[in-house]
Amino acid sequence: MTNTEPNPQTKINYEEAWDSYAGIWQQLHPDLGHIGDEWAGKGAGAANSLAEYETLIEQKFIAPYITPQDTVLEIGVGGGKTAALLLKYCDRLICADISTQMLQATQARLDSDRVSYVKLDGLTLNNIVPNSVDVFFCYDTMVHLEPRDIFNYLTLVPSIVRGKRLCLFHHTNTTSELGWQKFLSEWEQNLLGKRLGTAFSVMTDSIMEKFLTHLNYKILLKDTESVPRDCVWICEAPQINHQ
């Protein structure tokens, strides 16, 4: 039988994109101390400086939810900006990223024996021990993931969480005013089913809500105001029976 399916397009290479970005980062931002400090929340309408943005993240999304007993998994650690904040509140921190260069940058920044590092493949969480994480934290990462990739991660999270099974998800909201401006600034560079791995995805709060409810997440908070371009969710992952 002849296979009539079209050949798939070249995949979005998130790993290569972020390894490459890490390689040229110092040239782009010679005045900054850590990779990721350039993401200071200005474009998202959330802050006017790095210090202000870090304070917002810490006070809004970390301090109210993370306890000294928690093991936290952060997906997409970048250069460790958010990881450094999480480490102030949790017991153990697992830093995971698809980019080896980003993991190395985070390790150099944190330098703590309370942190472990995991290289991701972009499709699975096989390198994360099942039933080992109290909090799943993903900030400033899903803004770059295609909706199907986001949905895929949401299907995987329940197998690795335990206890309170708390999750934070942050993604872009293309229908917001700033989200639409971001879309207009990038669409011409991402055509014919292909896109740069560092580009912003076309994602909305209504799509995410559909994903979460379909997969039986309990939505505790939907926040479209703190980061006006985007949407942040606090959820409880569904409980599964670990064999």
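The values are calculated or read from the model by the stated rules, or taken from the named source; none is laboratory data. Keep in mind it's a predicted model, so treat the numbers as computed, not measured. We place every Cβ from the backbone using ideal geometry, glycine too, and count neighbours over all the protein chains shown.
Observations, loosely collected:
- Of all residues in the stretch 19-49, those satisfying the criterion of being part of a loop (DSSP other than H, G, I, E, B) and over 18 Å from residue 80 (Cα atoms) are 42, 43, 44, 45, 46, 47, 48.
- Taken across the stretch 184-199, residues that are outside any loop (DSSP other than H, G, I, E, B), touching a Phe, Trp or Tyr at 6+ places or on another chain (Cβ under 8 Å) and farther than 28 Å from residue 15 by Cα do not occur at all.
- Filter pass, residue 189 being modelled with pLDDT under 95, more than 18 Å from residue 45 (Cβ to Cβ) and in contact with a Lys or Arg (Cβ under 7 Å, 6 or more places away or on another chain): no
- Filter result for the condition that a residue is touching a residue at least 12 places away in the same chain (Cβ under 8 Å) and out of contact with any Asp or Glu (no Cβ under 8 Å at 6 or more places or on another chain), over 120, 85, 56, 93: 56
- Selection over the stretch 118-142 of residues that are crowded, with 19+ Cβ neighbours inside 10 Å and not in a loop (DSSP other than H, G, I, E, B) gives a count of 7.
- All positions within the stretch 160-182 that are part of a helix (DSSP H, G or I) and surrounded by fewer than 17 Cβ atoms within 10 Å (Cβ to Cβ): 177, 180, 181
- Residues of the stretch 93-116 satisfying the condition of being surrounded by fewer than 18 Cβ atoms within 10 Å (Cβ to Cβ) and either touching a helix residue (DSSP H, G or I) at 6+ places or on another chain (Cβ under 6 Å) or assigned to a strand (DSSP E or B) (or both): 116
- Inspection of the stretch 64-80 finds a residue satisfying the criterion of being under 15 Å from residue 111 (Cα atoms), in contact with an Asp or Glu (Cβ under 6 Å, 6 or more places away or on another chain) and surrounded by 18 or more Cβ atoms within 10 Å (Cβ to Cβ).
- Total residues in the stretch 200-243, condition assigned to a strand (DSSP E or B), of a type outside the set (Phe, Trp, Tyr), touching a helix residue (DSSP H, G or I) at 6+ places or on another chain (Cβ under 8 Å) and within 18 Å of residue 58 (Cα to Cα): 7
- Counted residues, the stretch 164-201 - those being in contact with a strand residue (DSSP E or B) (Cβ under 8 Å, 6 or more places away or on another chain), without any contact (Cβ under 8 Å) to a residue 60 or more places away in the chain and not small (Gly, Ala, Ser): 3
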